[in-house]
Amino acid sequence: MFGFLIISFFILFFGAFIYFGYYQDYKRNPKEFIRSIIGMPIGLLASFFGLNSIDERLKKWANNSELKNNDPKK
């Protein structure tokens, strides 16, 4: 029972941290926020294991660099 309380506390604490810490960023641009949340841990692991090309591709994807550079409308 005590373990359940500790795990519940950490889940609630983490949820509150994400909500209050990143809510303004999410409101500003939800797509970029989701890309950052997905890309950061994967890029960190890729660079840790020496997969720098994957890390660079994730950075471009998360920052939406490819679409900005290749956009024929602009």
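A few comments on the model shown:
- Computed label-point distance, nm, for sites Phe2 and Tyr26 using a 7 Å Cα→Cβ extension: 3.4 nm
- Overall form of the range 23-66 per C-alpha gyration tensor (a/c, 1.5; a/b vs b/c): oblate
- The chain: DSSP helices with Cα axial extent of at least 24 Å and average Kyte-Doolittle hydropathy no lower than 0.5: 2-28, 30-48
- The stretch between Met40 and Arg57, if pulled fully straight at 0.36 nm per residue, gains 4.9 nm over its current Cα-Cα span.
- Principal axis box of the chain, alpha-carbon based, largest edge first, Å: 58, 33, 13
- Cβ charges +1 (Lys, Arg) and -1 (Asp, Glu), total dipole of the range 17-66, debye: 160 debye
- Sorting 8-18, 27-37, 52-62 by their mean Cβ neighbour count within 10 Å, with the most densely packed peptide first, gives 52-62, 27-37, 8-18.
A short reminder: the numbers here are calculations on the coordinates, not readings from a lab. On a predicted model such as this, the values are computed, not experimentally measured, just so you know. Methodologically, a virtual Cβ is constructed for each residue, glycine included, from the backbone with ideal geometry; neighbour enumeration extends over all protein chains shown.
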